[in-house]
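What follows is one structure encoded as structure tokens, with my remarks underneath.
The values are calculated or read from the model by the stated rules, or taken from the named source; none is laboratory data. Since the model is a prediction, treat every value here as computed from it, not as a measurement. Using ideal geometry, Cβ is built from the backbone for each residue, glycine included, and neighbour counts are taken over all protein chains shown. Ligands, DNA and RNA are stripped out before the accessible areas are found, and what is left, the full protein with its side chains, is counted by its heavy atoms. Shrake-Rupley method; radii C 1.70, N 1.55, O 1.52, S 1.80 Å.
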Amino acid sequence: MSQNPTLRSRAMRGLFWSLLQNVVGRLMSVLLFILIARFVTPDEFGFASTAIVVVSFLALIADFGMGDALVQRPQLRVGDPDLALYVSLAGSVILAGLLIAAALPIARIMKAEALAPYLHYAALFCPILVLISFQEALYRRAELFRALALRTVFGIFASGVVGLTLALNGWGAWALLGQFSTQVVLSALWLWSRSTWRPSRAPDPAVLRRLLRFGVSLVLLRAIDFVAMRSIDFVILSRHGAASLGLFAVSMRIDQTLTQLVQVSVSAVALSFLSRIASDPQRLARSFLRTVSLCATFGTPVFLGVAALSPDLVRLALGSRWMGADEIVRPLLIVGGVQCIQFICGSYLIAMGRPGTLLGLIVAKTLIVVLGLVIVENSDLQETVITYSLLLLCEAPITFGVMVHRLSLRWSDLASAIIAPCGASILAFVVAEIVRAELTAKVPANLLMVLIFTIFVTVFFGILFSCALRQFKDNAGFVLSGLRRQ
């Protein structure tokens, strides 16, 4: 009996610091991003973001999923991580060397030779990213969430100061890469200087084999998903140029930040009980319907509301040089309104012991997106982003169909959980767009922004309260009770 309060208090402390790391860290990152973006041109942002995406992907591959494999091991001896670290570090050095050698050919293929020096610089940090991922895994295993959260907040602030200073002095893309490299180096120094683990001289090959069996499948899944989500970056760079990629990268940053904040919030309240109900199919099905209803009620309207306000938010936050980003971010946010419901499917499939099904869904998404982008050639950036957004939507019915089948649900069960809040969000967005079209030339910009916000909120809650008041009360009560338990 005495262990339960201890476990509960440890879980609550972990949840608090995890939320601090994700929410506060993301908000600080967005604020600094907005400040730096005002002094960087779209083409400079495009080059920097491409270099960071490439080196992040290489670090993901070089890690081999070892970090997560270490976290899930029932028992971990002092020397168990040694050989895994050496192998991953060697892989990262090799991949970094290959990137440095191939940077110019890659830049020429992308029709952007100016990209090469940025790739050369970013490649140097691939081994450091691997060193970070190992220590992060060991910190999580030891439940040192406070140290991870403080590291994140400190790293974001310090690197933001460096990036902003460089941007103010006209360093362009190098300001963004300076911010990235500062955060990487500070994170590595923080984690390794405070860690209780150091590599030993007695590596165990048997442990490495067991870690690889778990890690390789995980890194394969993540790599495929990465290709599905980021292949569009290279399509845009090669077809439309660095400036267009910069506009898209800024838009994607806005969309991803909102997605991560919503996912963290929903996961903290709704997905904390999955491990306890995974063996009960009926409870799992009820929990799934509850979770998608929560996402549709509290997540989807956030995405569509921000989409309705995107012209005003871009103008106020980023300035005149980024005008046009609102047309790019809007379709991404609309799709985000669907994906914020869809993302929880992966957690349920893993809880049900169906990682193969999840891998199949990710492969399907990758094929749909990559083949679609290759086959469909659009004349401008906006058409390309709309095509990409529609391709992402094509996978949603497949995912929901799999969940309906695996949980022995009916389509009507799923529809009743999401149709009212999703319908209210869509109608609120449409009304807001009609009002914007009618009043743009007649009302001052700031007043119009307030009016659009008021109309969206009024229409959304008016429809939801008229059609699904009980559902809203149930979901609100569930969230409040979950927060009180925390």
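Tabulated results
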| quantity | calculated |
| --- | --- |
| Test: residue in region 155-176 that is open to solvent by less than 50 Å² (accessible area, probe 1.4 Å) and at pLDDT below 85 | no |
| Criterion violated by ILE386 - all others in (1) at pLDDT 90 or above; (2) open to solvent by less than 30 Å² (accessible area, probe 1.4 Å); (3) within 24 Å of ALA249 (Cα to Cα) satisfied | (2) |
| Any chance CYS467 is surrounded by fewer than 19 Cβ atoms within 10 Å (Cβ to Cβ) and in contact with a Gly (Cβ under 8 Å, 6 or more places away or on another chain) | yes |
| Condition met for LEU166 (farther than 24 Å from PHE47 by Cβ, assigned to a helix (DSSP H, G or I) and touching a helix residue (DSSP H, G or I) at 6+ places or on another chain (Cβ under 8 Å)) | no |
| Looking only at region 419-432, and only at residues there that are under 13 Å from LEU304 (Cβ atoms) and of a type in the set (A, V, I, L, M), the one that is surrounded by the fewest Cβ atoms within 10 Å (Cβ to Cβ) | VAL430 |
| Matching residues in region 149-182 - criterion: being more than 23 Å from the chain's Cα centre (by Cα) and β-branched (Val, Ile, Thr) | VAL161, VAL162, THR165 |
| Wholly within region 305-424, helices (runs of 4 or more DSSP H) carrying at least 3 residues that are more than 30 Å from ARG470 (Cβ to Cβ) | 325-342, 355-375, 381-406 |
| Residue list for region 137-154, restricted to those being buried (at least 17 other Cβ atoms within 10 Å of the Cβ) and free of Cβ contacts under 8 Å to residues at least 40 places away in the same chain | LEU144 |
| Single residue of region 110-136 satisfying the filter (open to solvent by 70 Å² or more (accessible area, probe 1.4 Å) and modelled with pLDDT under 85) that is farthest from LEU148 (Cα to Cα) | LYS111 |
| When residues of region 433-455 are limited to those that are touching a Leu at 6+ places or on another chain (Cβ under 8 Å) and assigned to a helix (DSSP H, G or I), the one most open to solvent (accessible area, probe 1.4 Å) | PHE453 |
| Residue ID - farthest from the chain's Cα centre (by Cα), chosen from residues in region 183-200 that are part of a loop (DSSP other than H, G, I, E, B) and of a type in the set (Gly, Ala, Ser) | SER200 |
| Conditions (1) farther than 17 Å from VAL292 by Cα; (2) open to solvent by less than 40 Å² (accessible area, probe 1.4 Å); number of the one not met by ASN475 | (1) |
| Filter result for PHE248 (in a helix (DSSP H, G or I), at pLDDT 80 or above, open to solvent by 20 Å² or more (accessible area, probe 1.4 Å) and farther than 17 Å from LEU349 by Cα) | no |
| Cβ pairs under 6 Å, 6+ apart, first in region 210-224 and at positive phi and in a helix (DSSP H, G or I), second at pLDDT 70 or above and open to solvent by 80 Å² or more (accessible area, probe 1.4 Å) | none |
| Some residue of region 339-356 being within 30 Å of ALA243 (Cα to Cα) and open to solvent by 30 Å² or more (accessible area, probe 1.4 Å) | yes |
| Selected residue (criterion: modelled with the lowest pLDDT) from residues of region 393-421 that are among the small types (Gly, Ala, Ser) and within 17 Å of MET352 (Cβ to Cβ) | SER408 |
| In region 262-282, residue modelled with the highest pLDDT [restricted to those that are buried (at least 18 other Cβ atoms within 10 Å of the Cβ) and more than 22 Å from LEU407 (Cβ to Cβ)] | VAL262 |
